[in-house]
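Asker: Let me begin by handing over the structure; questions about it come next.
The values are calculated or read from the model by the stated rules, or taken from the named source; none is laboratory data. What you see is a predicted model; the values in this text were computed from it and never measured. So basically every Cβ, Gly included, is an ideal-geometry build from the backbone, and we count neighbours across all protein chains shown. Ligands, DNA and RNA are stripped out before the accessible areas are found, and what is left, the full protein with its side chains, is counted by its heavy atoms. Shrake-Rupley method; radii C 1.70, N 1.55, O 1.52, S 1.80 Å.
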Amino acid sequence: MTSQTGAQIIDGKAYAEGLRGRIAGHVARLKTEHGITPGLAVVIVGHDPASQIYVTNKAKQTVEVGMHSEKYELPADVPEAEVLALIEKLNADPAIHGILVQLPVPRHIDPNKIIATIAPAKDVDCFTPESVGRLQIGLPGPVSCTPLGCLMLLRDFVGDLAGKHAVIVGRSNLVGKPMAQLLLRENCTVTVAHSRTADLPGIVRQADIVVAAVGRPLMIKGDWIKPGAAVIDVGINRVPAPDKGEGKTRTVGDVDYASALPVAGWITPVPGGVGPMTIACLLANTVTTASLINGLVPPKDLTP
Ligand code: NDP
């Protein structure tokens with residue numbers, strides 16, 4: 001889709017739908033040719049409504065692509081040892097190829113202990129030190145879901161990324177750092193910016209590719225964008241929307257979409273850009289881990 005004012009709008013929702021279709025095809029082949037049904041277990045502790053919706057969506061989409069889905073809802077006051085025991089049980093379960101513990105967890109539970117207990121072979125979020133290391137040195141394995149989704153969109157819409165200057169704003173373990181690794185693999189020249197970066201607008205103006213993963217509504221302005229650049233907005237921010245009624249909110253990204261749209265070459269909207277890709281890439285990772293656990297080469301179109 002091309003906007004009337006400039007940038008091509010990257011429709012992540014449509015791309016994710018197509019990706020889920022391809023995943024369903026791979027799942028069907030794993031079942032018929034190898035007798036393997038990829039299985040994903042999702043564990044949620046407590047009753048945070050946003051997490052509940054997210055987890056329910058994950059479970060629904062898992063079933064829709066033909067995978068086996070297990071959902072464990074534990075009370076907010078569950079002892080840490082019980083959560084760790086459940087993860088150990090899932091580590092040993094041959095029907096499960098991916099384990100995801102929805103973060104954040106309540107304060108009495110140490111998220112690092114949770115992550116350290118997940119078997120790296122089933123770490124579909126790519127959180128464990130082993131998975132992070134494998135990603136860093138380019139070994140096969142699961143890849144952080146949101147950066148994988150961003151990479152798929154960039155490859156599909158922009159094409160060859162080699163030689164391009166990518167500026168990633170944000171250096172979190174979840175998004176910024178793995179994104180930098182993936183774009184390095186694509187032979188981009190990568191700059192990672194953060195809250196202590198001097199002259200952020202000047203750095204972003206040099207970018208052929210901007211990935212915004214900050215968590216600050218509309219921070220990156222149109223006059224920071226180099227004309228024709230690809231702009232990938234990972235940010236999800238709820239802001240007041242008085243025009244929709246008292247107390248109402250809307251979701252916006254980290255990029256000031258209205259001012260960036262006329263300047264950019266490609267841009268992801270929020271919502272409907274990167275967001276829908278994250279769950280689809282979680283399913284892709286589950287196909288990857290199910291393949292690797294069974295000694296098979298994972299499908300090339302689901303890996304970086
Ligand atoms: P974190 O809070 O973990 O990291 C934010 C990063 O932004 C940090 O590296 C921080 O720098 C940097 N930062 C903060 N303020 C500034 C600033 N003023 N200028 C430059 N850099 C700044 O966030 P996440 O990476 O987890 O998430 C980022 C955004 O992406 C959030 O809006 C989140 O909701 C969204 N998100 C969306 C997903 C999706 O599926 N679409 C998935 C995951 C996240 P420093 O390190 O110096 O503190």
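Asker: Would a scan of region 82-89 turn up a residue that is under 15 Å from residue 120 (Cα atoms) and of a type in the set (Gly, Ala, Ser)?
Answerer: Of the residues in region 82-89, the ones under 15 Å from residue 120 (Cα atoms) are 84, 87-89.
Restricting the remaining residues to those that are of a type in the set (Gly, Ala, Ser) gives none.
Within region 82-89, none of the residues are under 15 Å from residue 120 (Cα atoms) and of a type in the set (Gly, Ala, Ser).
Asker: Identify all residues within region 95-115 that are away from the ligand (no atom under 16 Å from the Cβ) and in contact (Cβ under 8 Å) with a residue 40 or more places away in the chain; write none if there are none. Walk me through it before giving the result.
Answerer: Of all residues in region 95-115, those away from the ligand (no atom under 16 Å from the Cβ) come to 95-99, 106-110, 113-114.
Matches in region 95-115: 95, 96, 97, 98, 99, 106, 109.
Asker: What is the number of the single condition among (1) of a type in the set (Val, Ile, Thr); (2) buried (at least 23 other Cβ atoms within 10 Å of the Cβ); (3) touching a residue at least 40 places away in the same chain (Cβ under 8 Å) that residue 118 does not meet?
Answerer: If we test residue 118 against (1) of a type in the set (Val, Ile, Thr); (2) buried (at least 23 other Cβ atoms within 10 Å of the Cβ); (3) touching a residue at least 40 places away in the same chain (Cβ under 8 Å), just (3) comes out false.
Asker: Just one of 19, 40 is under 26 Å from residue 93 (Cβ atoms) and under 20 Å from the mean Cα position of the chain (by Cα); which is it?
Answerer: Details: 19 fails: under 26 Å from residue 93 (Cβ atoms).
Only one candidate passes the filter, namely 40.
Asker: Of 173, 187, which residue is within 23 Å of residue 132 (Cβ to Cβ), more than 9 Å from the ligand (Cβ to nearest atom) and open to solvent by 50 Å² or more (accessible area, probe 1.4 Å)?
Answerer: On the way: 173 fails: more than 9 Å from the ligand (Cβ to nearest atom).
Only one candidate qualifies: 187.
The rows are residues; the columns are (1) crowded, with 24+ Cβ neighbours inside 10 Å; (2) within 16 Å of the ligand (Cβ to nearest atom).
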residue	(1), (2)
212	yes, yes
220	yes, yes
244	no, no
252	no, yes
294	no, no
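Asker: Mind counting the residues in region 22-49 that are in contact (Cβ under 8 Å) with a residue 60 or more places away in the chain, under 18 Å from residue 101 (Cβ atoms) and outside any loop (DSSP other than H, G, I, E, B)?
Answerer: 4
Asker: Residues of region 136-170 being part of a helix (DSSP H, G or I) and either over 21 Å from residue 286 (Cβ atoms) or more than 16 Å from the ligand (Cβ to nearest atom) (or both), which ones? Please lay out each step first, then the result.
Answerer: First, the residues of region 136-170 that are part of a helix (DSSP H, G or I): 136-137, 145-158.
Passing the criteria: 136, 137, 154, 155, 156, 157, 158.
Asker: For region 190-206: of the residues being more than 10 Å from the ligand (Cβ to nearest atom) and part of a loop (DSSP other than H, G, I, E, B), which is nearest to residue 255 (Cα to Cα)?
Answerer: The qualifying residue nearest to residue 255 (Cα to Cα) is 205.
Asker: Follow-up. Here are the criteria: (1) hydrophobic (A, V, I, L, M, F, W, C); (2) closer than 25 Å to residue 228 by Cβ; (3) open to solvent by less than 40 Å² (accessible area, probe 1.4 Å). Tell me which single one residue 266 does not satisfy.
Answerer: Failed condition: (3).
Asker: I'm told residue 278 meets every condition in (1) in a loop (DSSP other than H, G, I, E, B); (2) open to solvent by 20 Å² or more (accessible area, probe 1.4 Å) except one. Can you identify the failing condition by its number?
Answerer: If we test residue 278 against (1) in a loop (DSSP other than H, G, I, E, B); (2) open to solvent by 20 Å² or more (accessible area, probe 1.4 Å), just (1) comes out false.
Asker: Somewhere in region 135-149, is a residue open to solvent by 10 Å² or more (accessible area, probe 1.4 Å), among the hydroxyl-bearing types (Ser, Thr, Tyr) and modelled with pLDDT of 95 or more?
Answerer: yes
Asker: Since residue 132 meets every condition but one in (1) under 30 Å from residue 231 (Cβ atoms); (2) open to solvent by 40 Å² or more (accessible area, probe 1.4 Å); (3) at pLDDT 95 or above; (4) outside any helix (DSSP H, G or I), which condition does it not meet?
Answerer: Exception for residue 132: condition (4).
Asker: So, one more: Restricting to region 3-35, name every residue that is open to solvent by 50 Å² or more (accessible area, probe 1.4 Å) and in contact with a strand residue (DSSP E or B) (Cβ under 9 Å, 6 or more places away or on another chain).
Answerer: 8
Asker: Within region 281-292, does at least one residue satisfy the condition of being more than 16 Å from the ligand (Cβ to nearest atom) and open to solvent by 50 Å² or more (accessible area, probe 1.4 Å)?
Answerer: Within region 281-292, one or more residues are more than 16 Å from the ligand (Cβ to nearest atom) and open to solvent by 50 Å² or more (accessible area, probe 1.4 Å).
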